[in-house]
Each structure stands twice: as C-alpha cells, then as structure tokens.
1. Does the range 86-94 include one or more residues that are out of contact with any helix residue (DSSP H, G or I) (no Cβ under 8 Å at 6 or more places or on another chain) and either not in a loop (DSSP other than H, G, I, E, B) or not charged (D, E, K, R) (or both)?
2. Can you name the number of the only condition in (1) under 23 Å from Asn27 (Cβ atoms); (2) part of a loop (DSSP other than H, G, I, E, B) that Leu112 fails?
3. How many residues does the range 77-96 contain that are in contact with a Phe, Trp or Tyr (Cβ under 8 Å, 6 or more places away or on another chain) and under 12 Å from Met127 (Cα atoms)?
4. Say whether the condition of being farther than 26 Å from Lys185 by Cβ, surrounded by 13 or more Cβ atoms within 10 Å (Cβ to Cβ) and in contact with a Ser or Thr (Cβ under 8 Å, 6 or more places away or on another chain) is met by at least one residue in the range 110-120.
5. Go through the range 71-92 and count every residue that is farther than 20 Å from Ala40 by Cα and either of a type in the set (Lys, Arg) or surrounded by fewer than 16 Cβ atoms within 10 Å (Cβ to Cβ) (or both).
6. Among the residues of the range 45-77, how many are in contact (Cβ under 8 Å) with a residue 12 or more places away in the chain and touching a helix residue (DSSP H, G or I) at 6+ places or on another chain (Cβ under 9 Å)?
7. What number of residues within the range 183-222 satisfy the criterion of being among the hydrophobic types (A, V, I, L, M, F, W, C) and loosely packed, with under 13 Cβ neighbours inside 10 Å?
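None of the figures in this text is laboratory data; all of them are computed from the coordinates on show. Values in this document were obtained by computation on a predicted structure and should not be read as measured data. Cβ atoms come from the backbone with ideal geometry, glycine included; neighbour counts cover every protein chain shown.
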Amino acid sequence: MIRSAWLWIGLALAGSVTAAEAPARPNIVFILVDDLRWDALGCTGHPFAETPNIDRIAREGVNFRNAFVTTPLCSPSRASFLTGRYVHAHGVKGNGDNSALSHRLVTFPRLLHDAGYETAFIGKWHMGTDDSPRPGFDRWVSFKGQGQYNDPILNVDGEAKKVEGYMTDLLNDHAVAFLKRSHEKPFLLYLSHKAVHGPFTPAERHKDLYADRTITRPESAV
C-alpha cells in the first residue's frame, strides 16, 4: 500500500546543462519508492535517517513540497503514476487481480516507446498476479505481487529466475546495467522499488544501522 510516497524524476543527462542546451528528447529516469514517509528523509528534517543520495536529488533538482497521494492503495497509485490519470479514469480501483486491465493501460512509457524511446521497467509492478512483460517496455525485470526481500524470483524479460541476493541491490544492479549499456535511442528507465514496504527486512549490512536509536511510531502512522 502506498500511503506516503516520494517520487523522483531525474533527467539522465551527461553533465550539467542549461535549459537551452538540454536535448529535445532527453533520457528519463523515474524512481518510485514504496511506502516511504515524506518525513523519513534527511532533506525533510528527520533527526537521524541517513539518505544522502535522496538528499542530493532534492538539493540539486526540484523538490515538490505540496504533493499528495489521492488514493492510498498500492495498485491504484501505481496505475496513476504510469497513466497520469485518476482512479476513476484508469479503472484500477483496488489491489485485486488487475492483470488483464494492466496489460491494456495506456502508460507514459508505452507512449514514449511508440515515439522512439528505448524503455525499461525494473521492479515492483503489483497490478495483478501476472508478472509477465507489459506492452511498451523493451526491458522487463519484475516479480509477482509483493515479492520477497531475500533471494527473490524475478521475471527477466519473460523468464522466471530464482536469484540470490537482496531485492533492492538486485533491482539497482539491473537498473545500473541498463543505464551503462550502449543506447542508440533516447531511453526511459522506470525503477520501482519494493522497499521500504512492510514487513521491512533490511539488508544484512544495515540491520544494526540504527541499533542505538529509539524509533517511535509517528502519530499519523496507520
């Protein structure tokens, strides 16, 4: 369920460019984090959360401080991000099996693909039980439902693979590999993380990161 989600859209441009120098068909990197509270970041004033890379994006980019999730459910919110439409318009109204409907959605990646972009979806789709590639993506790495944090089964371009490792690391590795490959066309990378959706399991290297801190439940948490 996406209750308070932070969204970052970055233009993956080489170097720092002015608006006049920016290409007409820029590369696009879209990163979605699941169930991350807006106030659980260094850049929003959290007293000890360590989020240096997110803080840098907020500092060097545009930080939207007045944004709200209109439908506090996972699948409807995901469909809204992908289509730019409200729930009553795109039709994904709950977290049930929206597999067939999600294959028919007219998404912005699909439109970019039709316009000549190379497109990749990496991460959590969670609109139905079917994790097969959706229309409009040249590269597809996903998983069924919520997936699992450790040693998940990933659908890589239509083939199910049991992979050893931590979900966030695995998705990041696929994303970086896509970015580093040679691109003859402008590209869109849509990276949709499972983290930090509960029940959250941290990577082994992070399990004691806040062991000396007292973590209290926010009053607005449900």
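1. Step one: of the range 86-94, the residues out of contact with any helix residue (DSSP H, G or I) (no Cβ under 8 Å at 6 or more places or on another chain) are 88.
Still in the list and also either not in a loop (DSSP other than H, G, I, E, B) or not charged (D, E, K, R) (or both): 88.
Scanning the range 86-94, I find at least one residue that is out of contact with any helix residue (DSSP H, G or I) (no Cβ under 8 Å at 6 or more places or on another chain) and either not in a loop (DSSP other than H, G, I, E, B) or not charged (D, E, K, R) (or both), so the answer is yes.
2. If we test Leu112 against (1) under 23 Å from Asn27 (Cβ atoms); (2) part of a loop (DSSP other than H, G, I, E, B), just (2) comes out false.
3. 3
4. Filtering the range 110-120 down to residues farther than 26 Å from Lys185 by Cβ leaves none.
Scanning the range 110-120 turns up no residue that is farther than 26 Å from Lys185 by Cβ, surrounded by 13 or more Cβ atoms within 10 Å (Cβ to Cβ) and in contact with a Ser or Thr (Cβ under 8 Å, 6 or more places away or on another chain).
5. So the count comes out to 7.
6. Result for the range 45-77: 15.
7. Of the residues in the range 183-222, the ones among the hydrophobic types (A, V, I, L, M, F, W, C) are 187-189, 191, 195-196, 200, 203, 209, 211, 215, 221-222.
Checking the rest, the ones that are also loosely packed, with under 13 Cβ neighbours inside 10 Å come to 200, 211, 215, 221-222.
Result for the range 183-222: 5.
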